[in-house]
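Below is one structure, written out as C-alpha cells, with a few remarks after it.
Only the coordinates and a few stated rules stand behind these numbers; no lab work does. Here the structure is a predicted model, which is why all the values come from computation and not from measurement. Here the Cβ positions follow ideal geometry from the backbone for every residue, glycine too, while neighbour counts run over all protein chains shown.
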Amino acid sequence: AIKLGLTATPIDFIDRDTFNFFEAKNNRPVFKYTYKQAIEENYLCPFEVLKIQEKDNYTIFEPASESEIKEKSLSTFRQYYTLHNDRYEKIIYTFLTHHYRDPITCRPRKSIFYVKNKIEAYELEKMFNKQANQSIAKAIVSGTKNISSLIREFAKAESEFNIAISVDILTTGIDIPNIVNLI
C-alpha cells in the first residue's frame, strides 16, 4: 500500500508532528504546492489583511501594510480581545455599511467572524440579526446538535444565512469557495 499524506499546514510540534507522522525526511515535504502557485493557477484568490481602528467614535477597516503584517508575530494574531457590546455594535455597523454585497439580494457576501467564546458568538449572532433586521447570522460552535446541517446551510450559495460566527469550528477542513470575508 502507498501512504499519501496531505496537509495544508505541515508542522513539527512535539505533540503533533506531521513530518514525522508521514516519515518526511529532513522535515521537508516531498511535494509542495505554494500559495503563490495556487493564485497563479486560479485555485485561490489573493487576500487582503485589514486592520480595525476606532476613530472619532466610529470603526473603520483599513488595509494593513506589508510591514505591519510582517512585524506582527503569529502569537499576536492569535490573541483574543474581549469586545464589549458597544464595540461589537460599531464593528457590526461598519461591516454592514461597507461589506461586499450580493448584487441581486444586497445581503452581505459569505463571511466568518471568529470570536473568543460561545457567549460572545451567541451575543454577536443576536446583534447582527437585530442591526440587519433579518436573520443573516448564526453561531456555529462546538456542542451544537445540528452543527453539520448549519455548515451545509451556510455553504449553500443561495442560503440567506451569510454570516457564520465561530469559535474554533470553521478553521480547518472547510471548503466553502464563496466565502469573501474572514474576520
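Values as computed for the structure displayed
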{"quantity": "Too-long pairs where the Cα-Cα distance tops 20 Å, listed order kept, from Lys116/Lys138; Lys36/Lys110; Lys130/Lys156; Lys32/Lys110", "calculated": "Lys36/Lys110; Lys130/Lys156; Lys32/Lys110"}
{"quantity": "Karplus (6.51, -1.76, 1.60) ³J(HN,Hα), θ = phi - 60°, over the stretch 36-46, in Hz, Gly and Pro reported as x", "calculated": "4, 5, 5, 5, 4, 9, 6, 8, 10, 10, x"}
{"quantity": "Long-range amide H partners of Ala139 with built H, under 5 Å", "calculated": "Ile165"}
{"quantity": "Three-way shape label, the stretch 133-180, alpha-carbon gyration tensor, a/c 1.5", "calculated": "oblate"}
{"quantity": "Efficiency of FRET from Cβ geometry, Lys25 and Asn146, R₀ 35 Å, rounded to 0.05", "calculated": "0.20"}
{"quantity": "Estimated vicinal HN-Hα couplings, Hz - the stretch 102-113 in sequence order (Karplus 6.51, -1.76, 1.60; Gly, Pro = x)", "calculated": "5, x, 9, 8, 6, 6, x, 5, 4, 9, 10, 9"}
{"quantity": "Amide hydrogen neighbours beyond the local backbone of Ile183, cut-off 5 Å, H modeled", "calculated": "Ile112, Phe113, Tyr114"}
